[in-house]
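Colleague: Here it is: the structure, laid out below.
The values are calculated or read from the model by the stated rules, or taken from the named source; none is laboratory data. Note that the coordinates shown come from a computational prediction; the quantities given were computed from them, not determined experimentally. Note: ideal-geometry Cβ built from the backbone for every residue, glycine included; neighbour counts use all protein chains shown. Quick note on the areas: whole protein, heavy atoms, side chains included, nothing else; ligands and nucleic acids left out. Shrake-Rupley method; radii C 1.70, N 1.55, O 1.52, S 1.80 Å.
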Amino acid sequence: MKRRKVYFPSLLLLSAALMLFLLPILAVLFFSIVKMQDGKLLVSVEEYRIMLQDEWLMRHFANSGIISIGTMMVQLPLSLCLALFLSRGRGKARVIVIGLLILMLLMPFQTYMLPLFQLYKWLGLYDTHVGLILYGGLSSLGALLLTFFIRSIPEEQWEAASMETSSILRITWKVILPQIIPALVILLLLSFAEAWNLVEPAIILLDHDELRPVSVSLNDFHEVSWAGAALYAMPVIVLYIGMLLIVRGRKGDGWAIDIFD
Amino acid sequence: MRRRTITSVKLLLLAMIPILGFLLIYVVPLGLTFRYTFTATPEGQTWTDSIHEILQNRYFAAGFRNLLQFGCACLGAGFSLALGLSWLMVRHPHLARPAVLIMILPLLIPTFSVSHLVQELFHIDLLSRWEVCAGALLCLYCWKYTGTAASILYAAHIHLQREVLEAAKLDGCGEWRLFFRVRLPMIRGQVGLSLLFLLMDYFRIYKESYLLFGRYPPDELYLIQHYMANHYLKMDVFRVSVAAASMAVLCLLFFGVAALLLKEKRVKTK
């Protein structure tokens with residue numbers, strides 16, 4: 001049997017690079033419970049206790065939860081509807097919509113923040129969570145991601161299914177959805193992470209302090225900075241691990257990386 | 001044929017709500033930004049005078065200059081690291097899968113969670129030197145985005161035809177030569193994609209900068225996004241719109257060039 005040649009210097013380099021990627025997250029978790037006192041290291045969960053008892057901060061965590069879960073709930077069905085049209089529809093409108101989606105994906109928020117602020121005031125969406133949920137839910141990333149995945153499904157399958165039923169919903173449910181589960185999982189994860197990490201839109205589109213998400217308000221809360229940072233990252237890490245397990249479970253032998261294959 | 005048309009119409013109707021919502025929340029505001037550039041001139045001034053005044057403004061010019069200079073540093077460092085990481089993963093395919101899973105994680109982790117660590121690590125405060133601040137921002141950018149760019153490159157590597165690589169090796173191609181002369185030209189599309197990804201995230205670096213330095217970073221790191229955000233607070237519609245439209249044009253220019261490069265490649269392969 002042929003043995004694979006191992007390149008030790010590059011192996012060491014790759015391991016070191018991976019440690020560097022993980023180290024900041026581990027360091028934040030470490031410093032959130034280990035404190036230096038009189039030259040000694042002490043394990044303490046005091047910061048967590050202060051934070052969990054702080055009603056104001058917990059309300060902001062709840063705001064972030066509402067915005068993130070709301071964004072996920074809105075983005076998934078809307079992106080799927082749009083992706084079905086972009087991948088299985090016909091006409092020049094499709095090309096124009098794809099072009100606009102890519103364009104807006106690339107534009108930074110600052111390029112349209114002022115008219116968006118005025119528009120939100122006019123529509124009554126300013127200073128509401130619904131406004132932020134719609135902003136995240138209608139972003140173009142989800143539609144483009146799902147379009148890419150649905151296009152990889154052979155058209156013949158869609159054609160064969162449409163011979164049996166004319167219901168688009170049924171075809172989507174029976175043929176498309178089972179084949180794009182990894183894409184839906186990735187979309188949910190990205191959508192949650194993006195909304196959880198919302199900074200500029202939250203500053204511009206919200207006025208009342210009690211409505212703000214934790215991504216904006218934690219900056220002013222210096223007493224519990226380490227525990228705050230750790231607790232703030234926790235939902236994303238848990239969701240990431242959970243989603244990986246789902247994808248791995250479905251794939252049997254693989255990891256989430258198999259979506260690239 | 002008729003059935004296909006009916007399906008197409010049904011799909012369009014299904015997509016109407018997201019399309020209208022997207023147009024309203026994203027495309028219309030961007031269009032309005034361009035409109036304000038021509039219509040929201042300050043009272044008592046002509047459009048040409050106002051534009052001239054903005055172009056002469058020290059902060060406006062510095063914002064654009066810094067955006068380009070710091071962009072070169074970020075993209076250069078980010079892309080070189082991504083390239084290096086993808087090469088390491090190609091050499092160690094048994095480690096590649098866990099590596100990708102680890103390297104994608106920073107993209108998902110909220111910036112605030114690590115910004116405090118970076119502030120402590122680089123001792124960032126109001127008196128910090130700009131080189132230190134630039135280093136901190138560059139490190140944060142590289143940590144957050146290069147892993148995903150490297151994963152994009154690696155995903156392209158695993159689809160390369162083994163026969164071509166074997167043939168190159170038989171011809172006496174060394175490891176480095178194989179990577180730069182054979183592998184990279186074959187994944188040109190994904191190289192462009194990873195560069196676009198890095199560029200897109202660079203244009204959104206205001207979030208990282210805001211969390212590290214607040215509204216007022218050192219002068220050398222004052223980007224056009226800071227100019228817009230600060231004038232937005234004063235509700236100066238004209239200045240914000242001119243800066244936003246200029247930045248949008250700059251984005252379009254960059255991405256247009258990238259799209260042209262990718263298109264040219266496709267024509268050649270035909």
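Colleague: In the stretch A:94-120, how many are more than 7 Å from every other protein chain (Cβ to nearest Cβ), without any contact (Cβ under 8 Å) to a residue 60 or more places away in the chain and farther than 24 Å from A:Ile180 by Cα?
Modeller: Residues meeting the conditions: 3.
Colleague: Okay, moving on. For the list (1) surrounded by fewer than 21 Cβ atoms within 10 Å (Cβ to Cβ); (2) facing chain B (nearest Cβ under 9 Å), I need the number of the one condition that A:Gln157 fails.
Modeller: (2)
Colleague: Shifting gears a bit: Residue by residue through the stretch A:209-252, note down the ones that are at pLDDT 90 or above, open to solvent by 20 Å² or more (accessible area, probe 1.4 Å) and not in a helix (DSSP H, G or I).
Modeller: Hit for the stretch A:209-252 is A:Arg212, nothing else.
Colleague: Which of (1) loosely packed, with under 14 Cβ neighbours inside 10 Å; (2) within 21 Å of A:Val214 (Cα to Cα) does A:Ser32 not meet, given it meets every other one?
Modeller: (1)
Colleague: Of all residues in the stretch B:121-165, how many are among the acidic types (Asp, Glu), assigned to a helix (DSSP H, G or I) and within 14 Å of chain A (Cβ to nearest Cβ)?
Modeller: Counting residues in the stretch B:121-165 that are among the acidic types (Asp, Glu), assigned to a helix (DSSP H, G or I) and within 14 Å of chain A (Cβ to nearest Cβ) gives 0.
Colleague: Is it the case that the stretch B:185-197 has a residue that's surrounded by fewer than 17 Cβ atoms within 10 Å (Cβ to Cβ), of a type in the set (Val, Ile, Thr) and in a helix (DSSP H, G or I)?
Modeller: Checking the stretch B:185-197: not a single residue is surrounded by fewer than 17 Cβ atoms within 10 Å (Cβ to Cβ), of a type in the set (Val, Ile, Thr) and in a helix (DSSP H, G or I).
Colleague: I would also like to ask the following. Please state which of the following conditions A:Leu132 fails to meet, knowing it meets all the rest: (1) without any contact (Cβ under 8 Å) to a residue 60 or more places away in the chain; (2) touching a Pro at 6+ places or on another chain (Cβ under 8 Å).
Modeller: Here A:Leu132 meets the rest and fails (1).
Colleague: Taking the conditions exactly as written (open to solvent by 60 Å² or more (accessible area, probe 1.4 Å) and under 30 Å from B:Gly84 (Cβ atoms)), does A:Leu13 satisfy them or not?
Modeller: Taking the combined requirement at face value, the residue satisfies it.
Colleague: Filter the stretch B:92-139 for residues that are of a type in the set (Phe, Trp, Tyr) and in contact (Cβ under 8 Å) with a residue 60 or more places away in the chain; which is most open to solvent (accessible area, probe 1.4 Å)?
Modeller: The qualifying residue most open to solvent (accessible area, probe 1.4 Å) is B:Trp130.
Colleague: Would you confirm whether or not the stretch B:7-18 contains a residue that is within 23 Å of A:Tyr112 (Cβ to Cβ) and outside any helix (DSSP H, G or I)?
Modeller: Taking every residue of the stretch B:7-18 in turn, none turns out to be within 23 Å of A:Tyr112 (Cβ to Cβ) and outside any helix (DSSP H, G or I).
Colleague: Right, another one. Being under 22 Å from A:Leu187 (Cα atoms) and of a type in the set (A, V, I, L, M) narrows it down to one residue among B:Leu105, B:Leu127; which is it?
Modeller: The conditions single out B:Leu105.
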